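Report on the following structure.
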Amino acid sequence: MTSEKRAEIAIVEEKLLSDNWYHLHKVSYDYTGRNGRTERMSREVYDRGNGATILLYDPKRDVVVLVRQFRMPAYKNGHDGFLIETPAGLLDGEHPEEAIRREAIEETGYQVRDVRFLFKCFMSPGAVTEIIHFFAAIIDTADRVSEGGGLDEENEDIEVLEVPLGEALSMIDSGEICDCKTIMLLQWAALNRAKLG
């Protein structure tokens, strides 16, 4: 990979448009392209914090533990809104591994022992600042310490699903699973199955 001159960015102004739930900013900036020309641009940037997600896999039963919950943005875009996902949540100031251990118990009832960090990435960098940290953990039935289902004080109504890995992969093809982070983790599992068991 050759190193070429990169564009230069200088933020001119940042306005807070909303801080009702998370933070929506309008950012104006000067973008000096590789050709040397400078243009004034503006973008809306949504900051909801960073998050973590985890693939919970039971090699004895060859199942993954997933959750189903209602997502208003998906509903507004023509889906029934009930997405099947890997457990996930915002960091809320915690280290990503601490956060995902907490989320796994809250959402699924599974207490994870050895957590493996896989990778992190931006999920929608055209508009959202969020970075998601991806993890995997081996579990078995003895690790289920509660029913899960989310927190009542957060009005969470989460259904816990235990799905054979092969069936979960087929659910991507059928469109039943259409959540990006979940697809990424299931595809990772398909490529790394030998490392999981």
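Bear in mind that the values in this text are calculations on the coordinates, not laboratory data. Remember, it's a predicted structure, so these values are computed and weren't measured experimentally. Quick reminder, even Gly has a Cβ in these numbers, built from the backbone with ideal geometry, and neighbours come from all protein chains shown.
Overview of results
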quantity: Nearest 10 degrees, 0 to 90: helix 96-108 Cα axis against the chain principal axis; calculated: 50 degrees
quantity: Formal net charge of residues neighbouring SER42 (Cβ-Cβ distance under 15 Å; K, R +1; D, E -1); calculated: -1
quantity: Computed [θ] at 222 nm, deg cm²/dmol, the chain (DSSP H ≥ 4; -39,500 (n - 2.57); rounded to nearest 500); calculated: -6000 deg cm²/dmol
quantity: Helix 165-174 vs. the chain, principal-axis angle (Cα, 0 to 90°, nearest 10); calculated: 50 degrees
quantity: Lysine-lysine proximity count for the chain, Cα under 21 Å, sequence distance 8 or more or distinct chains; calculated: 6
quantity: GluC sites (Glu not before Pro) within the stretch 65-148: DSSP coil, no more than 15 neighbouring Cβ in 10 Å; calculated: GLU94, GLU147
quantity: Amide N of the stretch 40-72 lying under 12 Å from the label point, which is placed 7 angstrom from the Cα of ALA7 along Cα→Cβ; calculated: 40-43
